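*Asks:* One structure, as structure tokens, below. Some questions next.
We did not get these values from a lab; they are worked out from the coordinates using the rules stated. This one's a predicted model, so the numbers in the text were calculated from it and none came from an experiment. So basically every Cβ, Gly included, is an ideal-geometry build from the backbone, and we count neighbours across all protein chains shown.
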Amino acid sequence: MPKQFLLNPDGTVPVNVNVEALLEAGIPLVMPTPMPREPGMVAVEKDPVQDDAGVWHQVWVLEPAPPPEDVVE
């Protein structure tokens, strides 16, 4: 996954962040999205996607959870 910088949930930049340095380094400012939850599944973060307005969004996909490991005592 490429480097990314998550914004605050409301789309604002956290205090004391050098936005120019991030942009110069090619690091996109990404709007966070809620992590989905579903029984038997795990949320995996994927590369962010850019919408038609140029805004980057965090992307999650649900994948089947691995089977529980047997505990040997």
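*Asks:* Would you pick out the residues in the stretch 45-69 that are more than 26 Å from residue 27 (Cβ to Cβ) and within 15 Å of the chain's Cα centre (by Cα)?
*Replies:* 62
*Asks:* While we're on this one: Condition (residue is in a strand (DSSP E or B) and in contact with a strand residue (DSSP E or B) (Cβ under 6 Å, 6 or more places away or on another chain)) applied to the stretch 7-24: is it met by at least one residue? Break it down into steps so the answer makes sense when it comes.
*Replies:* Step one: of the stretch 7-24, the residues in a strand (DSSP E or B) are none.
No, the stretch 7-24 has no match at all.
*Asks:* Going through the stretch 17-73 one residue at a time, which ones are loosely packed, with under 10 Cβ neighbours inside 10 Å, of a type outside the set (Asp, Glu) and over 16 Å from residue 6 (Cα atoms)?
*Replies:* 39, 40, 53, 64, 66, 67, 68, 71, 72, listed by residue number.
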